[in-house]
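Only the coordinates and a few stated rules stand behind these numbers; no lab work does. Predicted, not measured: the structure shown is a model, and the values here were computed from it. FYI the Cβ positions are ideal-geometry reconstructions off the backbone, even for glycines, and counts take in every protein chain you see.
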Amino acid sequence: MSGKREKIYSYGCSTNRNRGSTVCPNNNRARMDELDRLVIATTNRSVLTPEAVGYVIQRAHERLSECMKTQTSQRPAQIQQELKPLQRE
């Protein structure tokens, strides 16, 4: 063995860590690897459901369609405005 220890990262209150318990009594810590794994699993289970993803895709498609309609109807006038300075030259 080399005697080196693997560094274990954790989440916690930085004020407590940097300034002490007199300033902030919250000395709770959570291992970063364990908490990250829990957050990802919960997100996948609760948020990234097929229904939720389908809803987001549907809404994005609707918004894109609305934008395309607006841009298509306004595009000829926009081109005319851009051409005006060029026609004066």
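Give the residue list of GluC sites (Glu not before Pro) in the range 1-73 that are DSSP loop and have at most 15 other beta-carbon atoms within 10 angstrom. Could the numbers behind the result be given before it?
Values: sites: Glu6, Glu34, Glu51, Glu62, Glu66; in loops: Glu6.
Those satisfying the criteria are Glu6.
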Mind giving me the nanometre distance, one decimal, between the label points for Cys67 and Tyr9, set 7 Å out from Cα along Cα→Cβ?
-> 3.3 nm
Mind checking the angle between helix 50-88 and the chain's longest principal axis? C-alpha axes, 0 to 90 degrees, to the nearest 10.
-> 40 degrees
Kindly write out, for the range 31-41 in residue order, the coupling ³J(HN,Hα) from the Karplus curve 6.51 cos²θ - 1.76 cosθ + 1.60 (θ = phi - 60°), rounded to whole Hz, with x marking Gly and Pro.
-> 4, 4, 4, 5, 5, 4, 4, 5, 5, 5, 5
How large is log10 I(q)/I(0) at q = 0.20, 0.24, 0.27 Å⁻¹ when the Debye formula is applied to the Cα atoms of the range 1-45, each weighted equally and without solvent?
-> -0.75, -0.83, -0.89
Calculated on alpha-carbon atoms, Rg and Dmax of the chain in Å = 27.4, 80
